[in-house]
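The block underneath contains the structure these notes are about, expressed in structure tokens.
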Amino acid sequence: MIRSQLLALAVGVTTLISTASAADIDPRRVTCSALQSLIARNGFVYLTRPAFGDDVVADVTYCSGGSSTIQRRSVPTSDDPECLVNYCVYR
């Protein structure tokens, strides 16, 4: 029981640290390759409005819920008006 509580605490702390490091990125201020690298490194990134206003993810494992899929969407970056990113779609 204590082991599972410690595991849950560790996962929670890791999530908070990841969220803080991957929060509020304006994609128009970075290149497409820099954005792709940031997403790959963190697993997910929150893109601010007006460009997007939602999370983008490295793959479906970063989507919450069991019935989700990945959809490719484009966001404007400093060097590419249609940089493709993964977006979680929930059914």
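The values are calculated or read from the model by the stated rules, or taken from the named source; none is laboratory data. In this text, all values refer to a predicted model and were calculated from it rather than measured experimentally. Because the Cβ atoms are built from the backbone with ideal geometry, glycine has one as well, and the counts that use them run over all protein chains shown.
Within segment 5-34, how many residues turn out to be modelled with pLDDT of 50 or more, surrounded by fewer than 13 Cβ atoms within 10 Å (Cβ to Cβ) and in a helix (DSSP H, G or I)?
The total comes to 3.
Let's see how each residue does on (1) under 16 Å from VAL89 (Cβ atoms); (2) modelled with pLDDT under 95; (3) among the β-branched types (Val, Ile, Thr):
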site: GLN36; (1), (2), (3): no, no, no
site: ASP55; (1), (2), (3): yes, yes, no
site: TYR62; (1), (2), (3): yes, yes, no
site: SER67; (1), (2), (3): yes, yes, no
site: VAL75; (1), (2), (3): yes, yes, yes
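Can you name the number of the only condition in (1) over 10 Å from the mean Cα position of the chain (by Cα); (2) at pLDDT 85 or above; (3) among the small types (Gly, Ala, Ser) that ALA40 fails?
Of the numbered conditions (1) over 10 Å from the mean Cα position of the chain (by Cα); (2) at pLDDT 85 or above; (3) among the small types (Gly, Ala, Ser), the odd one out for ALA40 is (1).
Give me a count of the residues in segment 78-91 that are surrounded by 15 or more Cβ atoms within 10 Å (Cβ to Cβ) and at pLDDT below 95.
Summing the residues that are surrounded by 15 or more Cβ atoms within 10 Å (Cβ to Cβ) and at pLDDT below 95 in segment 78-91 gives 2.
Give me the residue from segment 43-91 that is of a type in the set (A, V, I, L, M, F, W, C) and assigned to a loop (DSSP other than H, G, I, E, B) and, out of that set, nearest to ARG29 (Cα to Cα).
So the residue we want is ALA51.
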